[in-house]
Amino acid sequence: MTEEAVQPRVKTARQNTAKSGLKFSFSSLVLIIFCSFLLVISTFIQLNIIHFGLPADMFSGKELKIQDYVHTFNLIPQVPAVMFIAGLLGRKFGLASVLIYILTGLFILPVFALGGGWRYIGEYGFGYILAYIPAVYMTGTILKSGFTYKNIGKAVFAGIFTIHIIGILYMLAVAGIRHEGLMFTTGWILAQSGVKIIYDFILSYLSVLVAKYARLVLWLYL
């Protein structure tokens, strides 16, 4: 009998978790609720981002000043908060945190940007909120293989792409039901998924990097 044959087979924590399913400890439950609260806070925060860009009157012959090249973009950092949750909690705990946020907004408290209640499903922007569910799961799944810079980029891109595509399709469906015009619908799409996508990606990438190191500390208590 060889030495390899007599050595006992050691089960890893990953194997035990797969067999026993998802388990919530008190500390993990606290962290899940905290992240749901973090998502609520991010809904009512507005970041004023100053950037440079070409003015609309650049080729009109009008005399331009330096202020004409400076633009301010108002960003609600909800999507970066979702990506942070996916990076910190993983796909399963992250999914639980997002579900708590959505169910709270639909049935308990008005935690969404424009209020709450089950009638909120008829709002143009609810598709973006609903998309947090597959986005967190997809992002968490990709990050499960590692937090390399390349993998973080893939995870963030997949999550943000999912949120905006589902959000746009949902918005088009609501606009179609309400028989809204093309100009109105286009304006909504540009406001929610125009330049915002770029800032969502940049801030989400940074958020996952923060989650990577926060996870090293907090996960010791889960």
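A few points about this structure:
- Amide H to amide H, with H built 1.01 Å from N, L47 comes under 5 Å of L75, I76, counting only residues 5 or more places away or on other chains.
- Convex hull of Cα atoms in the range 25-221, direction-averaged projection (nm²): 13.1
- At full extension, A113 and A214 could sit 33.6 nm farther apart than now, given 0.36 nm per residue minus the alpha carbon distance.
- Highest to lowest packing among 165-171, 129-135, scored as the average C-beta count within 10 Å: 129-135, 165-171
- In order along the range 156-171, phi translates into HN-Hα couplings of 5, 4, 5, x, 5, 4, 4, 4, 6, 5, 5, x, 5, 4, 5, 4 Hz, rounded to whole numbers, per the Karplus curve 6.51 cos²θ - 1.76 cosθ + 1.60 with θ = phi - 60° and x for Gly and Pro.
- Extension gain (nm, one decimal) between E180 and F37, 0.36 nm per residue minus Cα-Cα: 48.1 nm
- Sequence-ordered 3J(HN,Hα) estimates for the range 82-89 from the Karplus curve with 6.51, -1.76 and 1.60 and θ = phi - 60° stand at 5, 5, 4, 4, 5, x, 7, 8 Hz, glycine and proline given as x.
Values in this text are rule-based calculations from the coordinates and carry no lab data. Model, not experiment: these values are computed from the prediction. Positions of Cβ are generated from backbone atoms using ideal geometry, with glycine treated the same way; all protein chains shown enter the neighbour counts.
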